[in-house]
Each structure stands twice: as C-alpha cells, then as structure tokens.
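*Asks:* Starting off with a structure, shown below.
The values are calculated or read from the model by the stated rules, or taken from the named source; none is laboratory data. What you see is a predicted model; the values in this text were computed from it and never measured. Virtual Cβ from ideal backbone geometry, glycine too; neighbours counted across all protein chains shown. We work out accessible area using only protein heavy atoms, side chains counted, and drop any ligands, DNA or RNA first. Shrake-Rupley method; radii C 1.70, N 1.55, O 1.52, S 1.80 Å.
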Amino acid sequence: MLTSLKHKLATKTTKKAMVEKKQKPKAVIVGGSIAGISCAHTLLKAGWEVQVLEKSLTPPPGCSTGAGLALDPLSQRLLQSWLSRPQLLLETTLPLATEQNRAIDGESKKARILTNDENFNFRAAYWADLHSLLYKELPPEIFLWGHLFLSLCISDDKTSVKIKAKVVESGEMVEIVGDLLVAADGCLSSIRQIFLPNFKLRYSGYYGWRGVFDFSEKENSETVMNIRKTYPEIGKCLYMDLASASHILLFEVPKKKINWVWFVNEPQPQLKARSMTMKVNEEMVRKLHQQVDDIWTPELAKVVKETKDPFINVIYDCDPLEQLFWDNVVLVGEAAHPTTPHCARSTNMTFLDAYVLGECLLKWGLLDLKSALAEYQSLRLPIIYAQVLHSRHVGRIKQGLTLFGREPFNPNVATTIQNLQELQIRNTPFLNDAEDDVP
C-alpha cells in the first residue's frame, strides 16, 4: 500500500497551486507531544501556517523519568530530513544494532538466546531529548502552551473549523479558526471521542512497570559493572528477556541511562484520572522489588531496585479504526492508533503519519482538502491495521496469554529449532516497505 510513495504523492502542478501561493492555508494542531510536533514540521514544509495547542504550560523538561524510544531506519531518515543539521540525531541517540530475545530460567536465572537479530539498525532515543531536538527546530511563536482544548465546530460549508480552548493559568476562553484541525492529542484523544462517542480502548491484560536507571554518577559501581557483564551488548542491543507469562525489555539510552519496562499480567487497574500512567505507593514499590528478585537475573533486579521513581504504564490498544478523518479534522499518532509497545511501532508509526499527511497536503492543497485527507487515510489505514494487530499478537505470545488454536508460549521449553521469528521486531508487517520510497 505504501509502494511507490514518490509517485502517489507527487505534487500536482495545476492552477490551484498558483492560487494557493496567494492564500496560505492554516492548520491547528491539538497536542504538542511527538505527534503534534512532527506534524508541525511536515505541514510547515508543505507550505501551511501552523498553530500548536498544548495543555502543558511549558515544553517538557529533560527529567530523569520518562520513556526510551527505539527508532527504526525509516523514522531516522524522516527525522534527519526535519533537522537543520541531520548529524544532531546521531549525536542525541545511541545505536541499537542488535535485538535479542532470551529465555530466563525461573530457578537458575540463566539466560538462553532464542533469537538474535544482528541487522536491527534501530537507534535508542530518550523521549524528552527527542522532543527537545524537534521543538528547537520550529518557530517558537507557533506554540500556544497552557491551552486546553474544549470543543470544535465545523463551518456549514465545511471550509473551516473553529476550536474553543481554555487558557489554563487564567481561565480565559479563546477561539481559533483554521482550515484543518489535526488531532494529535494522544491515546485518550478528546477529539476522536467527539466523532466516535462509543469508542473504547481495549485493556491488554497486563500493565508495564517502567523506569529509567540513571548511572551517570556511578559508572564504576558494582551494579553497573555487573549489568554490563550480564548484558554484554548493552549500549547497542535491545534485550527482551522472557520468563513464564512475563517479559521485560531493557536498552541503554543517551546520557548514561538504562530504560526498562516489565510487563506483568494483572486484572485491569482502576485509573482515577484521564491518564495511561498510575501513581504508585511505597507498598507497591516494595512488592515490585520482591517480585523482581523472584523472576529476573540478580543483575537486572539490582538495576530495577536502584531506579528512582518507577511507575506503572497501563497497556491499552484498540481494534483498528475504519476512518481517520471527518470533513477537515484528521487523526494522527496515538489518537489514530493506540498500540501495544511490543514492536516499537507507536512512535515510529507517528512519524510516518506526519510525513504522509504533509505530502498529501502538499500534493492536493487547500482547494482539494478532502482528496488530501482521503489519500492520507487510504495510505495509512492498511499499515495501521496490520501493525496494531501484529503488536497485540506478539504481546500475547510474550506474556503467555491464550491464542486461538495454539498453546500459550513458554520460553523455557521453546527451542531455536521452532519458528520463533514472530518474536522479532523485524517481522512486523510493512516494516521496511516504505523505506525506498521516502527521500
């Protein structure tokens, strides 16, 4: 479906292109996270005026907690095309040359390699660093920080959309009018809910304990030396350790940090706010430290126990949507495809959303916005459908959950003779299909 993107998205040299030089269209992007900031880059390149609304009062700080990201080769190329100096991406990320799935014996804690992909070619990024890198490349005046989206109204002739927002600090109500509204407001998208009022997220059956272990001031500590001995490729490898009905991932991110996520099968937690993360208390952390000793290698257990402020990320996805736009409102990123994290797709899909949307708008322009959004939808829906369901499938395998027509996966009795390829990220559908078509 993404084959020959260069041809499908070739810019039309028609009269409407000449008309649009006199009238610059405006896009309002709701959400200033990775999805929104990526769309700001591609829409500015497409010749659009851009305004970004974000409820946070300021750009996110580079705090010690947060998410590590694995950037696939296509995303790396797209990101570098948005930077004034492409080398910046290499300077703020680390190579992930290898992906390794290992079985961990419950008693001995010994590791046995199940799969080893030495041509992984991803790069490890830290969320806050990547956001900052992309943000600094944009004109600061396009951002409206501290603006909470409240509602939208599409004009009767479908040519404009009016957004009502509240200024968080003052309570003032403001209205902003644009030709296009880009919903980049995340997994719990308020804009998506307007058009799909019966939409519900699907709990995966497990949540993720996650954290970032900062060893910048203790590089020579026993904990760090032991983790490097037990995980000798740390710093250039994405490790996936699998135990019975559980798995944990870890990889190093820049600035001397190790990102880890431990997936735990549990009934759906009751969240008290519109958030995918859950606050934890001392008793929950104490239980975490006890359980990590029971399951994982002592060296990894020590890293988890020395991580400051671990938190719980509740894992949801949804059945793939049937449409991504309504009139002049379009969904991107997690608003378009809530996805489980097992194939490193969520953020990587987001970058391609932004790229394809920008190219479609450049091709069709404001005078045929409906065709632009229809082409964006037709290009993205098949990929989203396949990747969301595949990531769900891989998560159920690694968590030892039931799958139709097969026994739950047990890594401790699996052999390398068996077909273990579906454990590997490289076998995600459409993973490399678009690479040769993106300049």
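*Asks:* What percent antiparallel are the DSSP beta bridges of the chain, to the nearest 5?
*Replies:* Antiparallel bridges make up about 75 percent of those DSSP assigns within the chain.
*Asks:* On to the next question. For segment 49-205, which whole percent of the accessible surface, found with a 1.4 angstrom probe, sits on carbon and sulfur atoms?
*Replies:* 51 percent
*Asks:* Further, regarding this structure: Counting helices only, and only those DSSP H runs with n ≥ 4, report the 222 nm mean residue ellipticity of the chain as the sum of -39,500 (n - 2.57) divided by its residues, in deg cm²/dmol to the nearest 500.
*Replies:* -9000 deg cm²/dmol
*Asks:* Going from most exposed to least, what order do Met173, Met276, Met284 have by accessible area with a 1.4 Å probe?
*Replies:* Met173, Met284, Met276
*Asks:* Please compute the net charge surrounding Asn265, taking Lys and Arg as +1 and Asp and Glu as -1 over other residues with Cβ under 14 Å from its Cβ.
*Replies:* Details: positive: Arg396, Lys398; negative: Glu266.
Neighbourhood net charge equals +1.
*Asks:* Let me ask something additional. If we count every other residue with Cβ under 12 angstrom of Asp156's Cβ, Lys/Arg +1 and Asp/Glu -1, where does the sum land?
*Replies:* Around Asp156, the surrounding residues sum to 0.
*Asks:* A further question on this structure: Work out the charge dipole of the chain with +1 on the Cβ of Lys and Arg and -1 on the Cβ of Asp and Glu about the Cα centre, then indicate which of Val388, Gly405, Val50 is farthest towards its positive end.
*Replies:* Val50
*Asks:* Here's something else I'd like to know. Two-decimal Rg/Rh of segment 250-406 from alpha-carbon positions, Kirkwood Rh? Walk me through the intermediate numbers first.
*Replies:* Details: Rg = 19.7 Å, Rh = 18.5 Å.
Reported Rg/Rh (Cα atoms, Kirkwood Rh): 1.06.
*Asks:* Dimensions of segment 46-172 along principal axes (Cα, Å, largest first)?
*Replies:* 64, 37, 33
*Asks:* Of the accessible area of segment 313-439, with the probe set at 1.4 angstrom, what percent is carbon plus sulfur?
*Replies:* Numbers: 2350 of 4660 Å².
The nonpolar share, carbon plus sulfur, comes to 51 percent.
*Asks:* Now for a different question. Heavy-atom accessible area of Asp117 with all protein chains present, probe 1.4 Å, nearest 10 Å²?
*Replies:* 10 Å²
*Asks:* Could you list the trypsin sites (Lys or Arg not before Pro) in segment 55-105 that lie in coil according to DSSP, counting only those with at most 10 other Cβ atoms within 10 Å of their Cβ?
*Replies:* Loop-located and lightly packed - none at all.
*Asks:* A further question on this structure: Using a 1.4 Å probe and ignoring any ligands, DNA or RNA, find the accessible area of Asp294 and quote it in Å² to the nearest 10.
*Replies:* Around 90 Å² of this residue is reachable by solvent.
*Asks:* Relative to the present Cα-Cα distance, how much length would full extension add between Glu283 and Leu271 at 0.36 nm per residue of separation? Please report the intermediate quantities before stating the final value.
*Replies:* Values: separation 12, 0.36 × 12 = 4.32 nm, distance 1.76 nm.
Gain on stretching Glu283 to Leu271: 2.6 nm.
*Asks:* Considering only Gly211, Ile234, Gln193, whose Cα is most displaced toward the positive end of the charge dipole of segment 189-238, charges sitting on Cβ of Lys, Arg (+1) and Asp, Glu (-1)?
*Replies:* About the Cα centre, the residue reaching furthest to the positive side is Gln193.
*Asks:* Give the separation of the Cα centroids, segment 105-130 to segment 317-363, in Å.
*Replies:* First find each Cα centre; the distance between them is then 26 Å.
*Asks:* If I fit a long axis through the Cα atoms of helix 282-295 and take the longest principal axis of the Cα atoms of the chain, what angle between them do I get, 0 to 90°, rounded to 10?
*Replies:* Helix 282-295 and the main axis of the chain meet at about 60 degrees.
*Asks:* Leaving ligands, DNA and RNA out of it, rank His147, His393, His342 by accessible area with a 1.4 Å probe, largest first. Don't skip to the end; give the middle numbers.
*Replies:* Values: His147 30, His393 55, His342 5 Å².
In descending accessible area the options line up as His393, His147, His342.
*Asks:* What are the chymotrypsin sites (Phe, Trp or Tyr not before Pro) within segment 58-147 that DSSP puts in a loop, where the Cβ has at most 14 other Cβ atoms within 10 Å?
*Replies:* Here no loop site has a sparse enough neighbourhood.
*Asks:* Something else: Let me cross-check Tyr231: its accessible surface, 1.4 Å probe, with only protein heavy atoms counted, in Å² to the nearest 10?
*Replies:* Solvent-accessible area, nearest 10 Å²: 0 Å².
*Asks:* What is the diffusion coefficient of the chain in µm²/s, taking the Kirkwood radius over Cα pairs and the Stokes-Einstein relation at 25 °C with a viscosity of 0.890 mPa s?
*Replies:* Translational D for this selection: 108 µm²/s.
*Asks:* Are there any trypsin sites (Lys or Arg not before Pro) in segment 174-224 that are in a DSSP loop and have at most 15 other Cβ atoms within 10 Å? List them by number.
*Replies:* Lys200, Lys218
*Asks:* Here is a follow-up. With a probe of 1.4 Å, find how much accessible area the chain has per residue, and write the answer as a whole number in Å².
*Replies:* Each residue of the chain exposes 45 Å² on average to a 1.4 Å probe.
*Asks:* Let me ask something else about it. Using the Karplus equation 6.51 cos²θ - 1.76 cosθ + 1.60 (θ = phi - 60°), what ³J(HN,Hα) coupling, rounded to whole Hz, does each residue of segment 241-247 give in order, writing x for Gly and Pro?
*Replies:* Listing the rounded values in order: 8, 10, 10, 5, 6, 6, 8 Hz.
*Asks:* Exposed loop GluC sites (Glu not before Pro) only (DSSP loop, at most 12 other Cβ atoms within 10 Å): please give the longest stretch of the chain free of them, not including the sites.
*Replies:* Numbers: sites that count: Glu107, Glu118, Glu169, Glu172, Glu217, Glu219, Glu322.
It works out to 323-439.
*Asks:* How many nm is it between the label spots at Lys162 and Gln421, if each spot is 7 Å from the Cα in line with the beta carbon?
*Replies:* 5.6 nm
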